[in-house]
Amino acid sequence: MFKEVGTVLMVSCVAMAGWISPHPLQCEKEAPVALIPFPQKVEWGKGELRIPGRDQWKLTYGFEKPKKGEGRMVQKAWEKLMKDLPAGKKEGKPISCTLEKAKGKEIQGEGYKLTVGEEGVTIEAAEEAGFFNGLQTLRQLVADGKNLRYCQIVDWPAFAVRGFHEDCGRNFQSMESLKRQLDIASRLKVNYFHWHLTDNPGWHVQCKAYPQLNDAKYRTRDLHDTYSYDQIRELIAFARDRHITIIPELDMPGHSQYFVKAFGFAMHTEQGMKILEDIIREFCAEIPVEDCPIFHIGADEIRVPNAKEFVSRMSKLLLSLGRTPMQWGGPRDLPVGEHSISQRWGEGGDMVDRSLKPETIQCRTIDSSMGYTNLFDPAMLVRRWFFMRPCGVGKGDDQKMGVLICNWPDIRVDDKSRIPLHSAQWPGLCAMAERAWIGGNGDGDGLASDMPSPDTEAAKAFMLFEKRMAALRKTIFRGEHFPYWSEYARKWTIIGPVQEGQRDEVRAKVLAGKLDGLETRSAYGANIYFRTKPATGCLGLFPGSKPGSCVWAVMEYTSEAGGKEPFMIGFDAPVRSSRRYSGVPEAGEWSQCGTKIWVNGKEFKNPQRYKLAGKNRCERDTWFAPANEDPLTDEEVWWAHKPTMVPLKKGKNTIIIEQPYVGEFQSWGVSFIPVRN
């Protein structure tokens, strides 16, 4: 069926100075369509099949066809693939997709082999999950609806766990919304969904034993919203059809203000633990073990005097019910139980600019240490997850299980459809899915803060990944919020930082183009970070800088036609969990920090107007303050704005941005992104 097309070039992914791609970049450049995650091994042929209409496709089995009710995962994947194709006859001969059982040890578990040749398509796999993953790749290969290139793909995941998390305890999300997210995530071969169901605002899971937990008077948000057991079973079945396992989290003994209101005592007391044991038994009786093999008990951000006893009692109960316990494994959490999975996370000083160190992993571990989607702006979020090493290694094992990217929009949300926009959920998920599937030992520590020059392998790989994301926003993410714009291949000259007393003198020299004698350096990308907030690890080019510093960023930008061109422009990222940031700019200003922009020597004032002009500056975290009950607006999130039209002349243009650093509540940097995708 498949004609020989050459030899796959293999790259040794050993740790070394600099970052190296886990797959040959030439193979990615030759790809006729965008694939995320990119496969482990690919050979591209010279021939191709014209893609016909869906009525000319046929799914056949090279082994005994599953009986009715079996093989739902494959059947559902095939139905989704057919819906992507146009109806009716088109130019091109009929295509048969044959499923074959893999022989030997090369293809196991979630792995598959996909071959496209003159006779059609063959997918080989050992398990149903492998066939499902092969069909997801085929679905991306036919996304343009034109031609299906001859190829041979041998593929498998580097890590067993590739998941995402949504906090529905603070902001309840509808079943319709969750199903849509699961459907999209499955197309990227994401296979776990961590469902955070309870938090301070309320217990959003049906409870028959203690119905007061569902009483609106004990809630502060989403007063009448509760997931019934029927709905939980429904979502689990929906996820299973998409090869996704749901991990429910009932957070205990912290994050439980509603519990104290309902009962008059805390969870870690003897009375509280007995109630929790009743609740766990009820949940596990309602949700079978095959539907919910892992049960997350939270155990984060709290200190209780009986910590070991609490963890032991809850864990032993879960083990007796056939479940694997899971806990948060940060430094401010309860001790992780002996038989529990640890979910590692970081914040502030715990969030360093390097991957989780593998030598610190002593039990089964899932990595969530690269930062939550609600902390960073879209560019930093994508960079950190693209260059990360899950669990600090190139591929997983029984202890280093994989990764979960988490979204914590703690602030009350009135329009839940804005959550993926404000927290750049989908761009972040793309980067996570890429790295968790293909792995790789390349040393990417620090690259998110200080991007390498365009001639490096790391830069070339990142630019190719950006192109793949840009293509998928037109297919997989069509109609979804996808706040990311290709940012690389931009070079800045950075001047500074300088202190307040030097600012006027240095500004005059920068505007005059006289940079001799000034401290300068080069930086790459349309997003430059000088120093992010302490909560995000103080990442950036100048992490040791103090408030009162100022930096200038100078870029030469070439306009082919001249006139006004669209740019996404921003200078601070509000934390979507605590609102800490510099606030909405005054009329004509770019920030509340004194930011200025010059285009070809003329100051360019902000043409946008804001209803909240000059307001909502939050210099401290607002975890339990009234401000966290005021929904975040699009005005406060620069990547939710419409592009700003910048006046340019034909040919080279000089862009100068002055960016002062006024306080640690500010995410100090520059985002100036041409909108071309």
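Could you tell me whether any residue of the stretch 493-511 is modelled with pLDDT of 95 or more, exposed (fewer than 15 other Cβ atoms within 10 Å of the Cβ) and in contact with a Ser or Thr (Cβ under 7 Å, 6 or more places away or on another chain)?
Among the residues of the stretch 493-511, not one is modelled with pLDDT of 95 or more, exposed (fewer than 15 other Cβ atoms within 10 Å of the Cβ) and in contact with a Ser or Thr (Cβ under 7 Å, 6 or more places away or on another chain), which makes the answer no.
Return the total of residues in the stretch 85-103 being surrounded by 15 or more Cβ atoms within 10 Å (Cβ to Cβ) and farther than 18 Å from residue 124 by Cβ.
3
Collect the residues in the stretch 471-482 that are buried (at least 21 other Cβ atoms within 10 Å of the Cβ) and either touching a Leu at 6+ places or on another chain (Cβ under 8 Å) or assigned by TED's automatic domain parsing to the domain that holds residue 187 (or both), keeping them in residue-number order.
Listed by number, the list holds a single entry, 476.
When the stretch 582-598 is examined, which residues are found to be on the phi < 0 side of the Ramachandran plot and not aliphatic (A, V, I, L, M)?
If the condition is that a residue be on the phi < 0 side of the Ramachandran plot and not aliphatic (A, V, I, L, M), then 582, 585, 586, 589, 590, 591, 592, 593, 595, 596, 598 are the ones that fit.
Counting only residues that are of a type in the set (Asp, Glu) and assigned to a loop (DSSP other than H, G, I, E, B), which one in the stretch 590-623 is farthest from residue 423 (Cα to Cα)? Spell out the reasoning first.
To start, the set of residues in the stretch 590-623 that are of a type in the set (Asp, Glu) comprises 603, 619, 621.
Then keep just the ones that are assigned to a loop (DSSP other than H, G, I, E, B); that gives 619, 621.
Details: 619: 20, 621: 17 Å.
Ranking the candidates gives 619 first.
Scanning for something of a type outside the set (Ser, Thr, Tyr), modelled with pLDDT under 95, part of a loop (DSSP other than H, G, I, E, B) and in the same structural domain as residue 537 (by TED's automatic domain parsing), does the stretch 624-639 turn up at least one residue?
Yes, the conditions are met somewhere in the stretch 624-639.
For every residue, the table says whether it meets (1) under 16 Å from residue 662 (Cβ atoms); (2) outside any helix (DSSP H, G or I).
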| site | (1), (2) |
| --- | --- |
| 503 | yes, no |
| 506 | no, no |
| 518 | no, yes |
| 521 | no, yes |
| 535 | no, no |
| 538 | yes, yes |
| 541 | no, yes |
| 544 | no, yes |
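Restricting to the stretch 408-432, what's the tally of residues that are surrounded by fewer than 24 Cβ atoms within 10 Å (Cβ to Cβ) and touching a strand residue (DSSP E or B) at 6+ places or on another chain (Cβ under 6 Å)?
1
If a residue must be buried (at least 16 other Cβ atoms within 10 Å of the Cβ), out of contact with any strand residue (DSSP E or B) (no Cβ under 7 Å at 6 or more places or on another chain) and among the hydrophobic types (A, V, I, L, M, F, W, C), how many such residues does the stretch 200-230 contain?
Final tally of qualifying residues: 2.
Would you please name the residue that is modelled with the lowest pLDDT, looking only at residues in the stretch 63-93 that are small (Gly, Ala, Ser) and touching a Lys or Arg at 6+ places or on another chain (Cβ under 7 Å)? I'd like the intermediate steps shown before the answer.
Residues of the stretch 63-93 that are small (Gly, Ala, Ser), as a first pass: 69, 71, 77, 87-88, 92.
Pick out the ones that are also touching a Lys or Arg at 6+ places or on another chain (Cβ under 7 Å) and you get 87, 92.
Working: 87: 84, 92: 74.
Looking at residues that are small (Gly, Ala, Ser) and touching a Lys or Arg at 6+ places or on another chain (Cβ under 7 Å), I get 92.
Picking from 175, 73, which residue would you name as being surrounded by fewer than 15 Cβ atoms within 10 Å (Cβ to Cβ) and either charged (D, E, K, R) or under 27 Å from the mean Cα position of the chain (by Cα) (or both)?
On the way: 73 fails: surrounded by fewer than 15 Cβ atoms within 10 Å (Cβ to Cβ).
None of the others qualify; the one that does is 175.
So which residues in the stretch 407-432 are in a helix (DSSP H, G or I), within 17 Å of residue 470 (Cα to Cα) and either of a type in the set (A, V, I, L, M, F, W, C) or without any contact (Cβ under 8 Å) to a residue 24 or more places away in the chain (or both), if there are any at all?
Result: 421, 426, 429, 430, 431, 432.
Residue under question is residue 619, and the condition is that it be in contact (Cβ under 8 Å) with a residue 12 or more places away in the chain, within 24 Å of residue 380 (Cα to Cα), among the charged types (D, E, K, R) and surrounded by 18 or more Cβ atoms within 10 Å (Cβ to Cβ); does it hold?
Criteria not met by residue 619.
Any residue in the stretch 311-323 that's farther than 21 Å from residue 246 by Cβ: show its pairings with residues that are part of a helix (DSSP H, G or I) and among the polar types (S, T, N, Q) at Cβ separation under 9 Å, as long as the two are six or more apart or on different chains.
none
Which condition does residue 670 not pass, out of (1) closer than 29 Å to residue 410 by Cβ; (2) touching a residue at least 40 places away in the same chain (Cβ under 8 Å); (3) touching an Asp or Glu at 6+ places or on another chain (Cβ under 6 Å), if it passes all the others?
Failed condition: (3).
Is it the case that the stretch 660-671 has a residue that's at pLDDT 95 or above, within 21 Å of residue 379 (Cα to Cα), over 27 Å from the mean Cα position of the chain (by Cα) and part of a strand (DSSP E or B)?
Looking through the stretch 660-671, at least one residue is at pLDDT 95 or above, within 21 Å of residue 379 (Cα to Cα), over 27 Å from the mean Cα position of the chain (by Cα) and part of a strand (DSSP E or B).
Looking only at residues in the stretch 105-134 that are of a type in the set (A, V, I, L, M, F, W, C), buried (at least 20 other Cβ atoms within 10 Å of the Cβ) and within 15 Å of residue 62 (Cβ to Cβ), which one is farthest from the chain's Cα centre (by Cα)?
Looking at the filtered set, the residue picked out is 121.
Tally up the residues in the stretch 634-667 that are crowded, with 18+ Cβ neighbours inside 10 Å and without any contact (Cβ under 8 Å) to a residue 60 or more places away in the chain, please.
Here the count works out to 1.
Give the residues of the stretch 22-65 that are among the basic types (Lys, Arg) and outside any helix (DSSP H, G or I), sorted by residue number.
Once the filter is applied, which keeps residues that are among the basic types (Lys, Arg) and outside any helix (DSSP H, G or I), the stretch 22-65 yields 41, 46, 50, 58, 65.
From the list 556, 586, which one is surrounded by fewer than 23 Cβ atoms within 10 Å (Cβ to Cβ) and either without any contact (Cβ under 8 Å) to a residue 12 or more places away in the chain or in a strand (DSSP E or B) (or both)? Let's see the steps before the verdict.
Details: 586 fails: either without any contact (Cβ under 8 Å) to a residue 12 or more places away in the chain or in a strand (DSSP E or B) (or both).
Unique residue meeting the criteria: 556.
Residue check: is residue 73 farther than 18 Å from residue 471 by Cβ, in a helix (DSSP H, G or I) and touching a His at 6+ places or on another chain (Cβ under 8 Å)?
Criteria met by residue 73.
Select from the stretch 1-26 the residues that are crowded, with 19+ Cβ neighbours inside 10 Å and in contact with an Asp or Glu (Cβ under 9 Å, 6 or more places away or on another chain) and write down the one among them that is modelled with the lowest pLDDT.
Among those that are crowded, with 19+ Cβ neighbours inside 10 Å and in contact with an Asp or Glu (Cβ under 9 Å, 6 or more places away or on another chain), it is 19.
Can you find, within the stretch 433-460, the residue that is surrounded by the most Cβ atoms within 10 Å (Cβ to Cβ) among those that are assigned to a helix (DSSP H, G or I), of a type outside the set (Lys, Arg) and within 18 Å of the chain's Cα centre (by Cα)?
If we take residues in the stretch 433-460 being assigned to a helix (DSSP H, G or I), of a type outside the set (Lys, Arg) and within 18 Å of the chain's Cα centre (by Cα), then 436 is surrounded by the most Cβ atoms within 10 Å (Cβ to Cβ).
Restricting to the stretch 430-452, and then to whatever is at pLDDT below 90 and not small (Gly, Ala, Ser), can you tell me which residue is farthest from residue 378 (Cα to Cα)?
Only one residue tops the list, namely 441.
The values are calculated or read from the model by the stated rules, or taken from the named source; none is laboratory data. None of the values given here were measured: they were computed from a predicted structure. Positions of Cβ are generated from backbone atoms using ideal geometry, with glycine treated the same way; all protein chains shown enter the neighbour counts.
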